[in-house]
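The values are calculated or read from the model by the stated rules, or taken from the named source; none is laboratory data. These numbers come from a predicted model, not from an experiment. Glycine also receives a Cβ, built like all others from the backbone with ideal geometry; neighbour counts cover every protein chain displayed.
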C-alpha cells in the first residue's frame, strides 16, 4: 500500500512540474507594479444583437494604460500604505480578477487580513491563470507555513526554485519564512 502511495505522489509532483515547465511565463519574480496587461476580450459573436447602445471602445493603449494605472494604485495601497481592504477593492474594480498578478495580490491582501480561505481561493485562481507565477507559489507557500503545513510550504519552495532559481526574491522570501528568519 505504501509503495502505491509513494508512486502516486511522485506521479502527481512530476505532473505538476511538467505543467509548470510548459507555461509561457517562466521566471516571474518579486512583487511588481508593472504587470502584463490583460489580453483583449473577443468581440461579440456575429448575429447576436446587443441591447445597449454601443459606444466607441477605448483604444488599445488607453485600456492598457488604464489597467496599469489602476494596478499601480492598488499595488501602492497594499505594499506602501498596507491598506489591504482598500487594495482589494481597487483590484476588483479593475475587472480582471483572472489576471495572475491581480488574483495573487488579492490573495496576498486577504492573507494579511487573516482571511485565509479567501487567500487560498485567490492564490489558486492566480495559478490557474499562470501555473509558473513564482510570486504566487511563494505567497501560497507562506500561506501554508502560516497554517503550519511546512511540508507543503517546502514543496512550493521547490516549485519556486524550478521557475526562477534559488537566488530570486520569491525563493529567498519563502525560504526565510520557512526557516523562521523572515515574516512576510
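Okay, here's what the table says:
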quantity	calculated
Unique residue being under 21 Å from residue 136 (Cβ atoms), under 18 Å from the mean Cα position of the chain (by Cα) and at pLDDT below 95 when the list is 89, 97, 117, 101	97
Test: residue in the range 148-160 that is touching a helix residue (DSSP H, G or I) at 6+ places or on another chain (Cβ under 6 Å), in contact (Cβ under 8 Å) with a residue 40 or more places away in the chain and over 30 Å from residue 64 (Cα atoms)	yes
Residue within the range 82-99 that is part of a helix (DSSP H, G or I), under 30 Å from residue 66 (Cβ atoms) and in contact (Cβ under 8 Å) with a residue 40 or more places away in the chain present	no
Some residue of the range 135-157 being at pLDDT 95 or above, over 19 Å from residue 35 (Cα atoms), assigned by TED's automatic domain parsing to the domain that holds residue 66 and not in a loop (DSSP other than H, G, I, E, B)	no
Qualifying residue in the range 42-64 (condition: out of contact with any strand residue (DSSP E or B) (no Cβ under 8 Å at 6 or more places or on another chain), modelled with pLDDT of 95 or more, loosely packed, with under 14 Cβ neighbours inside 10 Å and assigned to a loop (DSSP other than H, G, I, E, B))	no
